[in-house]
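Here's the structure we're looking at; comments come further down.
The values are calculated or read from the model by the stated rules, or taken from the named source; none is laboratory data. Note that this is a predicted model, so its numbers are computed, not measured. As a convention, Cβ positions derive from the backbone with ideal geometry for all residues, glycine included, and neighbour counts pool all protein chains shown.
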Amino acid sequence: MQTQVADDLEIIHRVLHGEIDLFAALITRYQQHVARIVNRHVPSDRVAEVGHDVFIRAYGSLPRFSGHVPFEHWLSGIAVRTCYEFWRANRREELPVSALTTEHQQWIERILAAESEDRFREQARRQEATELLQWALGHLSADNRLVLTLVSLEGYSVREAASLLGWSVATVKVRAYRARQALRKLFLEREAQEHDTTQ
Amino acid sequence: MTRLSDEDLNKVECALAEAHRSRQEPVLSADWACDVMRDIRQETAGRGHAMPTTGIARIVWQGAAAAAALALILCATALIDTSRDPVELTALLSDELEAGAPLVE
């Protein structure tokens, strides 16, 4: 790890002094790392495009890379912030409750009824779970979406999320709370509508 | 079905987090990396310098420093000149100057 960090610094130094083609080594080394991060925040069919933007931004910001943190961490921050910009620039697709089917409702019922860990995991990996998650995230603002994904879904600490987003810890804390409340409200409203239509 | 309790919502949240973590990992090809490098080279060539941001930043700082030094010199010169003749300074600051009126009686 230490060797890689030193090697990254050497490459960056040489890129900054005109050996642009060496940047390809950094792309090769970190493209999967960036793809993994981006894939957790944007639709799968946009990962390549957003990942591309991440490296272009990283290259443009290279003179500002201080070297106080490993390049990988610095790049992770750029990746998360590029995803944030993606959702700020792209209109959210707010699907109405009617877009959800009885399969989604049944999935919730099966999750609540799951008695074993295996059964729970098996249900969580079903397509309905992914669709419900996308439906819910589609109702959140770019801020709430990013914070919720980092803190609640991926388990980053508030401090880590703040470092990646370049926000204060207090801001992340407040937004994480609000985002979670917004998500819960969505499910309660969805359930109330479901209840009304079945009566 | 009854209203979702806090415990129910926690369970749904956990399941959604699990669904999120189990997303299939994407694979970016070597062609993709080549495309990125091509765009970086084009951008750099368009700027006409290997890493122009450092060059531009230096020029901006040098320009700002030169402008600040020039402003200081001008201020100092103006202060020295006006302190020699306090009446002239008063005249410069006066709003009630009339054309043709003598500045010093």
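Show the residue pairs meeting these rules: Cβ distance below 8 Å; 6+ apart or different chains; first residue within segment B:29-44 and at the interface with chain A (Cβ under 7 Å from one of its Cβ atoms); second residue surrounded by 15 or more Cβ atoms within 10 Å (Cβ to Cβ) and outside any helix (DSSP H, G or I).
Taking only residues 6 or more apart or on different chains, the pairs are B:THR44/B:ALA50; B:THR44/B:MET51.
Within segment A:102-109, is there a residue that is within 12 Å of chain B (Cβ to nearest Cβ), under 14 Å from A:HIS41 (Cα atoms) and part of a helix (DSSP H, G or I)?
no
Anything in segment A:156-177 that is within 13 Å of chain B (Cβ to nearest Cβ) and more than 15 Å from A:VAL80 (Cα to Cα)? List them, or say none.
Answer for segment A:156-177, where residues must be within 13 Å of chain B (Cβ to nearest Cβ) and more than 15 Å from A:VAL80 (Cα to Cα): just A:ALA176.
Just a yes or no: is a residue in segment A:33-51 outside the structural domain of A:ASN144 (by TED's automatic domain parsing), assigned to a loop (DSSP other than H, G, I, E, B) and β-branched (Val, Ile, Thr)? Please lay out each step first, then the result.
So the first thing to find is which residues in segment A:33-51 are outside the structural domain of A:ASN144 (by TED's automatic domain parsing), and the list is A:33-51.
Then drop every residue that is not assigned to a loop (DSSP other than H, G, I, E, B), which leaves A:40-43.
Next cut, β-branched (Val, Ile, Thr) only: A:42.
Yes, the conditions are met somewhere in segment A:33-51.
Return yes when A:HIS33 is surrounded by 13 or more Cβ atoms within 10 Å (Cβ to Cβ) and in contact (Cβ under 8 Å) with a residue 60 or more places away in the chain and no when it is not. Break it down stepwise before answering.
On the way: surrounded by 13 or more Cβ atoms within 10 Å (Cβ to Cβ): yes; in contact (Cβ under 8 Å) with a residue 60 or more places away in the chain: no.
Judged against the criteria, A:HIS33 is not a match.
The conditions are (1) facing chain B (nearest Cβ under 10 Å); (2) surrounded by fewer than 18 Cβ atoms within 10 Å (Cβ to Cβ); (3) closer than 21 Å to B:ARG21 by Cβ, and A:ASN39 fails exactly one of them. Which is it?
(2)
In segment A:178-197, what count of residues is obtained for those that are more than 16 Å from A:LEU132 (Cα to Cα), more than 8 Å from chain B (Cβ to nearest Cβ) and exposed (fewer than 13 other Cβ atoms within 10 Å of the Cβ)?
Result for segment A:178-197: 3.
Being surrounded by fewer than 21 Cβ atoms within 10 Å (Cβ to Cβ) and assigned to a helix (DSSP H, G or I) is the filter; apply it to segment A:137-147 and report the residue that is nearest to the other protein chains (Cβ to nearest Cβ).
Applying the first criterion (surrounded by fewer than 21 Cβ atoms within 10 Å (Cβ to Cβ)) to segment A:137-147 yields A:138-139, A:141-144.
Next, from what is left, pick out any that are assigned to a helix (DSSP H, G or I): A:142-144.
Numbers: A:ALA142: 17, A:ASP143: 18, A:ASN144: 14 Å.
For segment A:137-147, the residue satisfying everything is A:ASN144.
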